[in-house]
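Participant: Here it is: the structure, laid out below.
The values are calculated or read from the model by the stated rules, or taken from the named source; none is laboratory data. Worth saying up front: this structure is predicted, and the values here are computed from it rather than measured. Quick reminder, even Gly has a Cβ in these numbers, built from the backbone with ideal geometry, and neighbours come from all protein chains shown. Calculation scope for accessible area: heavy atoms of the full protein, side chains included, ligands and nucleic acids excluded. Shrake-Rupley method; radii C 1.70, N 1.55, O 1.52, S 1.80 Å.
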Amino acid sequence: MHAVGIVAAAGSGLRLGAELPKALVLLGGRPLVCWAVEALRAGGVDEVVVAVPAPQQAAFTAVLPDDVHVVVGGDTRTASVRAALAAAREHADAVLVHDAARPLTPPEVVARVLAALAAGAAAVVPVLPVVDTTVVVDPDGLVTGDVARGPLRRVQTPQGFDRTTLVAAYAAAHGSAAEFTDDASVVRAAGIPVHTVAGDERAAKITVPHDLALAELQL
Ligand code: C5P
């Protein structure tokens with residue numbers, strides 16, 4: 001199986017409060033995007049395409065290894081992944097889409113996703129259980145209901161797909177008004193079953209400054 005990794009790195013990272021795009025912020029002296037690329041490779045991905053913000057394309061190219069393909073992303077994560085998918089080579093059987101914002105994802109998570117694809121799944125996501133009591137609140141902040149947390153899962157990346165399935169799902173979603181926050185939602189909207197494998201707390205997403213501080217401690 002030949003696997004291409006796509007790293008979505010074209011976000012601004014406003015919630016992190018950095019002046020740089022989030023994927024260029026340093027963790028242990030290395031930009032987040034470099035950690036994400038390394039995690040994919042260490043887990044068994046053969047080549048990597050990274051979607052970056054247009055104004056910082058040169059800055060990304062300067063920090064990424066020479067054999068990483070850099071493309072300009074879009075205004076939404078979906079648009080960024082679409083651009084990277086168009087650049088992914090057609091000889092690839094599998095595509096793994098990963099957030100640059102999950103730098104400390106262990107290679108074992110990548111390997112579990114690849115193994116599920118090799119076993120025949122067309123779509124697979126790493127997931128973790130929900131451990132907190134989970135409720136629904138109304139616009140005034142009043143709790144209006146409980147949610148049984150047993151069947152709930154938090155979804156991480158990398159998310160893995162059969163390449164032709166992902167390309168077809170993205171084509172079908174083009175022009176849709178739906179807002180997709182990940183790639184498995186795009187594939188599910190096309191009616192494809194999405195399988196799960198165990199995620200890992202270390203694959204947590206860096207969103208606010210506290211997350212970055214925790215990641216530094218983890219190192
Ligand atoms: O904003 P959020 O943290 O959910 O973004 C998840 C990932 O998607 C990040 O790695 C970010 O760089 C990427 N992204 C992107 N293009 C956008 C917005 C977000 O590649 N337009």
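Participant: Any idea which of 44, 11, 28 is near the ligand (Cβ under 8 Å from one of its atoms) and touching a residue at least 60 places away in the same chain (Cβ under 8 Å)?
Facilitator: Going through 44, 11, 28 in turn, just one is near the ligand (Cβ under 8 Å from one of its atoms) and touching a residue at least 60 places away in the same chain (Cβ under 8 Å): 11.
Residue by residue, here is whether (1) open to solvent by 40 Å² or more (accessible area, probe 1.4 Å); (2) out of contact with any Lys or Arg (no Cβ under 9 Å at 6 or more places or on another chain) holds:
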position: 9; (1), (2): no, no
position: 15; (1), (2): yes, no
position: 28; (1), (2): yes, yes
position: 35; (1), (2): yes, no
position: 45; (1), (2): no, yes
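Participant: List pairs: first in the stretch 112-125 and open to solvent by less than 20 Å² (accessible area, probe 1.4 Å), second charged (D, E, K, R), Cβ under 7 Å, 6+ apart or cross-chain?
Facilitator: 117/162
Participant: Let me ask something else about it. Given the criterion β-branched (Val, Ile, Thr), at negative phi and over 16 Å from the mean Cα position of the chain (by Cα), identify the matching residue among 155, 137, 186.
Facilitator: 137
Participant: While we're looking at this one, here's another question. Does the stretch 151-181 hold any residues that are modelled with pLDDT of 95 or more, open to solvent by less than 60 Å² (accessible area, probe 1.4 Å) and more than 20 Å from residue 92 (Cβ to Cβ), and which are they?
Facilitator: If the condition is that a residue be modelled with pLDDT of 95 or more, open to solvent by less than 60 Å² (accessible area, probe 1.4 Å) and more than 20 Å from residue 92 (Cβ to Cβ), then 152, 156 are the ones that fit.
Participant: Among the numbered criteria (1) at pLDDT below 95; (2) closer than 19 Å to residue 76 by Cα, which one does residue 131 miss?
Facilitator: Exception for residue 131: condition (2).
Participant: Please find, within the stretch 102-111, the residue that is nearest to residue 202 (Cα to Cα) out of those that are open to solvent by 10 Å² or more (accessible area, probe 1.4 Å) and within 16 Å of the ligand (Cβ to nearest atom).
Facilitator: The qualifying residue nearest to residue 202 (Cα to Cα) is 104.
Participant: Take the residues of the stretch 81-91 that are at pLDDT 95 or above and open to solvent by less than 30 Å² (accessible area, probe 1.4 Å): which is farthest from the ligand (Cβ to nearest atom)?
Facilitator: By that ranking, first place goes to 85.
Participant: Say we look at the stretch 132-150 and pick out the residues that are closer than 24 Å to residue 198 by Cβ and in contact (Cβ under 8 Å) with a residue 12 or more places away in the chain; which of these is surrounded by the most Cβ atoms within 10 Å (Cβ to Cβ)?
Facilitator: Taking the candidates together, the pick is 149.
Participant: Can you tell me which residue within the stretch 8-51, out of those that are charged (D, E, K, R), part of a helix (DSSP H, G or I) and modelled with pLDDT under 95, is farthest from residue 91 (Cα to Cα)?
Facilitator: 15
Participant: Got a number for residues in the stretch 203-219 being of a type in the set (D, E, K, R) and within 16 Å of the ligand (Cβ to nearest atom)?
Facilitator: 2
Participant: I've got another one for you. Here's a check for you: in the stretch 47-67, which residue that is within 17 Å of the chain's Cα centre (by Cα) and closer than 20 Å to residue 11 by Cβ is farthest from the ligand (Cβ to nearest atom)?
Facilitator: 48
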